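Let me begin by presenting the structure, written as structure tokens, before commenting on it.
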Amino acid sequence: MQIYVLKFGGTSMADHKTWKQVLEIIKKYEHPIVVVSATARTTRQLVRAGKLAAQDKLEEALEIADEIKVRHNKIVEDFLEENPSEKKTLILDSCRKNTEAKIGKLNKLLAYTQKAGTLSPQMSDAIASMGEQISSYLLAQCGLVLGILTQHIEARKIIKTDAEYGRANPNRLLINQKCGSLETVLESGFTPIIGGFYGEAPDKTVTTLGFEGSDYTASLIGGAMSATAIEIWTDVSGVYTGDPRYIPDAQPLLELSYYDATEMAYFGAKVLHPSTLKPAQERNIPVWVKNMFEPEAEGTRIVRSSDHNREVLALSFKTEMAILTVSAYETLMGYSFLTKVFSSLKDHQLAVDAVNTTEASVTIALSDTEVLDQLSKEFIEIGHVSVERGKGLISVIGCTIDKMDGLSGRIFSALGNTKVDMISFTKEKRIVNFVVDEGETVEASKAIHQAIFTG
Ligand code: ADP
Ligand code: ASP
Ligand code: MG
């Protein structure tokens with residue numbers, strides 16, 4: 001059986017028209033397993049509702065919940081209006097009931113959060129997952145209208161994780177076992193539709209895999225099922241040399257290696273969740289990134305090895321970064337100083353994007369999160385600490401060193417007067433990172449991209 005795991009993101013799930021397009025794509029496959037995100041904007045709205053409830057603004061939070069309900073009911077109504085079905089009343093009824101029940105649960109979670117006066121990570125996940133819980137059920141019902149034997153499968157039954165709320169780690173062994181049930185569904189001719197992004201901890205509470213986590217759900221299932229391919233359907237025709245939303249001359253890449261795609265995702269290319277490629281890589285499953293709105297466009301194929309002939313493969317950037325510098329009180333602390341710094345980072349499970357060190361100081365570029373203040377306090381024990389927020393990180397990825405002649409000059413002249421706070425380069429990893437002011441990140445990225453690719 002040739003199994004394809006197809007994932008459709010928020011923009012693909014925007015309204016009844018895109019739902020139809022999604023279902024038309026699904027229809028073309030013999031044995032698809034479908035993973036869907038929440039409808040566009042919903043996750044962000046849910047997160048906001050959770051925060052409002054914690055700030056004692058329950059009424060506003062409940063209004064958001066109601067708006068989500070109304071919007072989803074409308075999508076299904078419009079879908080049924082445009083795609084007549086004998087089962088219309090039945091489907092409409094079951095959709096309304098399901099959405100009503102989910103929103104009822106959401107309202108309870110919000111009320112609980114208001115009472116608690118704080119949004120616990122566990123509550124936050126339960127709330128944030130509601131978008132996928134609702135969208136996956138409704139899309140499966142709409143599939144029936146088009147004659148597809150869609151079957152909604154509750155993600156919690158498949159995606160088993162630890163209890164690290166907000167960025168739960170999948171239990172691959174259990175997921176492999178649970179995916180056995182999907183095979184049975186496929187064998188009976190049904191198409192499973194599963195909500196991405198969330199799963200279940202051992203104590204049966206809801207967890208999430210981190211923002212943009214639906215991509216990861218798809219690859220976890222694809223890996224467990226040894227799928228023929230995993231296809232990430234989105235709103236652009238593949239992985240580009242730079243974010244096409246900001247970099248007008250960015251070009252789609254036909255092929256990429258798992259390694260380079262992971263680096264791009266890690267350094268800000270939102271088109272893929274950074275963990276997506278791991279399960280695929282383990283079983284050598286190709287991952288495609290394809291455009292929902294231009295299904296004929298080739299897209300990008302991500303495979304084990306892909307030789308490229310370019311000086312540079314791509315450019316990624318991310319904002320909301322910070323630079324933290326710790327300068328040791330005592331010089332000549334050597335590795336014990338670095339050990340202290342890195343063990344604190346480990347304690348807080350903080351990933352670092354770039355590091356520069358001298359004998360008695362270390363400068364780290366990392367995402368600006370609430371933990372940063374706590375971290376700075378801890379570092380005061382070993383040295384002077386400075387934190388600069390409001391930074392952006394630009395990463396030039398896949399630099400082929402023997403072709404770098406002249407490239408660094410071009411990059412630096414493209415940077416012009418941009419104030420650069422930090423530079424790091426790793427020959428082995430073929431990456432150059434620049435930290436600049438957040439407000440200059442996009443312009444500097446555009447200029448560097450142009451210098452590299454259109455010269
Ligand atoms: P989905 O809702 O389908 O998950 P996302 O918004 O998460 O879609 O990802 C698609 C978006 O990723 C694109 O619209 C694009 O703006 C952004 N993006 C960032 N970097 C890249 C890149 N290198 N190639 C393609 N898209 C990128
Ligand atoms: N809906 C989730 C998010 O916005 C997961 C996803 O879309 O992949 O992060
Ligand atoms: Mg995404």
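Some observations on this one:
- For residue 21 and residue 283, the difference between the fully extended length at 0.36 nm per residue and the C-alpha to C-alpha distance is 91.3 nm.
- Cα lying deepest toward the dipole's positive end in the chain, options 37, 151, 233, charges on Cβ: 151
- Evaluating 6.51 cos²θ - 1.76 cosθ + 1.60 at θ = phi - 60° for every residue in segment 207-212, the Karplus couplings come out as 10, 10, 8, x, 4, 6 Hz, glycine and proline recorded as x.
- Whole-number percent relative contact order across the chain, with pairs defined as alpha carbons under 8 Å at least 6 apart: 13
- Calculated from backbone phi, Karplus (6.51, -1.76, 1.60) coupling profile of segment 115-124 in Hz, x at Gly/Pro: 4, 5, x, 8, 9, 6, x, 5, 5, 4
- Going from the residue with the fewest nearby Cβ atoms within 10 Å to the one with the most, 214, 257 rank 257, 214.
- One Cα centroid belongs to segment 1-45, the other to segment 165-182; the line between them spans 21 Å.
- In a reduced charge model with +1 at each Lys and Arg Cβ and -1 at each Asp and Glu Cβ, segment 4-234 shows a dipole moment near 260 debye about its Cα centre.
- Dipole moment magnitude, nearest 20 debye, the chain about Cα centre, only Lys, Arg, Asp, Glu C-beta charged: 860
- 3J(HN,Hα) from dihedral phi, segment 301-312, Karplus parametrisation 6.51/-1.76/1.60, rounded to Hz, x for glycine, proline: 9, 10, 9, 4, 10, 8, 7, 10, 9, 9, 5, 9
- At R0 = 60 Å, FRET efficiency that the Cβ-Cβ distance of residue 329 and residue 100 yields, to 0.05: 0.45
- Sequence of 453, 8 once ranked by neighbouring C-beta atoms within 10 Å, starting from the fewest: 453, 8
- When the listed pairs 27/270; 318/377; 7/102; 7/105; 20/115; 270/419 are checked against a 30 Å cut-off, the alpha-carbon distance exceeds it for 20/115.
- Under 5 Å, built H, 5+ apart or other chain: amide partners of residue 234: 290, 291, 292
- Annotation for residue 342 and residue 297: the two label points, set 7 Å from Cα along the Cα-Cβ direction, are 4.1 nm apart.
- Put simply, the amide H of residue 162, placed in the peptide plane, has neighbours under 5 Å in 169, 171, leaving out anything fewer than 5 places away on its chain.
- A cut-off of 5 Å between modelled amide H atoms, ignoring neighbours fewer than 5 places along the same chain, links residue 35 with 6, 7, 8, 194.
- Shape call, segment 314-454: gyration tensor on alpha carbons, a/c limit 1.5: prolate
The numbers here are math on the coordinates, done by the rules we state, and not lab data. This is a predicted model, so every value here is computed, not measured. Don't worry about glycine lacking a Cβ; one is built from the backbone with ideal geometry, like all the others, and counts go over all protein chains shown.
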